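Here's the structure, in structure tokens; my notes come after.
The values are calculated or read from the model by the stated rules, or taken from the named source; none is laboratory data. Everything numeric here is computed off the predicted structure, so don't read it as measured data. Backbone-built Cβ (ideal geometry, glycine too); neighbour counts: all protein chains shown.
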Amino acid sequence: MASDLPYLRAYPVALQEQARDLLEQGQLANVLLRKYPQPHSVRSDKALYDYVQELKTRYLRNAGTVNKVLFDNKIHVVRNALGLHTAVSRVQGSRLAAKHEIRIASMFKQAPDEFLRMIVVHELAHLREKNHDKAFYQLCSHMEPQYHQYEFDLRLYLTHMEHAGARLWGDELV
Ligand SMILES: [Zn+2]
């Protein structure tokens with residue numbers, strides 16, 4: 001019986017089959033840990049805010065203001081929601097100002113830097129592009145040339161979590 005791989009449905013069948021083989025051989029975790037041995041060191045919402053601002057300053061200096069950034073334990077990573085970007089428009093004096101918030105699912109507090117960066121880049125790209133279209137993914141790849149590879153590997157991790165449940169990058173040392 002073939003395992004269902006909901007996080008990988010958008011990928012070519014051959015890639016899904018490779019992932020399924022690794023999963024069934026119990027090798028998926030090893031492959032991910034070998035490729036991404038270290039977790040990132042962004043340990044607080046304040047550190048996450050700085051991390052986001054640094055990327056924004058480098059690539060999207062004029063794309064509005066991100067007012068709030070946080071790890072959110074109420075985001076349940078189901079299918080496509082890895083993070084959330086919200087823009088709330090409010091009247092400020094005589095003009096409309098958009099207030100941007102970026103929330104990252106708290107499971108990515110313990111993850112490699114590459115995965116965190118992929119999610120942050122995704123949410124930042126929404127400051128400029130609303131839809132997941134060609135322009136959106138071009139912007140993502142401009143900010144992180146390995147964006148697509150990291151997204152695929154992150155989805156492998158979600159697949160691992162769904163089948164085995166164990167986190168690969170904990171903070172036991174803390
Ligand atoms: Zn999105």
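Observations on the structure shown:
- Evaluation of Gln92 against (1) surrounded by 13 or more Cβ atoms within 10 Å (Cβ to Cβ); (2) more than 11 Å from the chain's Cα centre (by Cα); (3) at pLDDT below 65 (one fails), failing number: (1)
- Considering only residues in region 104-119 that are surrounded by fewer than 21 Cβ atoms within 10 Å (Cβ to Cβ) and without any contact (Cβ under 8 Å) to a residue 40 or more places away in the chain, the one that is farthest from the ligand (Cβ to nearest atom) turns out to be Ser106.
Conditions tested, residue by residue: (1) within 15 Å of the ligand (Cβ to nearest atom); (2) assigned to a helix (DSSP H, G or I); (3) among the polar types (S, T, N, Q); (4) in contact with an Asp or Glu (Cβ under 6 Å, 6 or more places away or on another chain).
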position: Val121; (1), (2), (3), (4): yes, yes, no, yes
position: Leu124; (1), (2), (3), (4): yes, yes, no, no
position: His142; (1), (2), (3), (4): no, yes, no, no
position: Tyr157; (1), (2), (3), (4): no, yes, no, no
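- Filtered residue count, region 144-155, keeping only those that are assigned to a loop (DSSP other than H, G, I, E, B) and either under 14 Å from Leu8 (Cβ atoms) or among the polar types (S, T, N, Q) (or both): 1
- Identity of the residue in region 50-89, β-branched (Val, Ile, Thr) and modelled with pLDDT of 85 or more, that ends up farthest from the ligand (Cβ to nearest atom): Thr57
- Ala47 meets all of the listed conditions (1) crowded, with 17+ Cβ neighbours inside 10 Å; (2) away from the ligand (no atom under 13 Å from the Cβ); (3) modelled with pLDDT of 95 or more; (4) aliphatic (A, V, I, L, M) but one, namely (1).
- Complete set of residues in region 126-140 that are out of contact with any Asp or Glu (no Cβ under 7 Å at 6 or more places or on another chain) and part of a helix (DSSP H, G or I): Lys134, Tyr137, Gln138, Cys140
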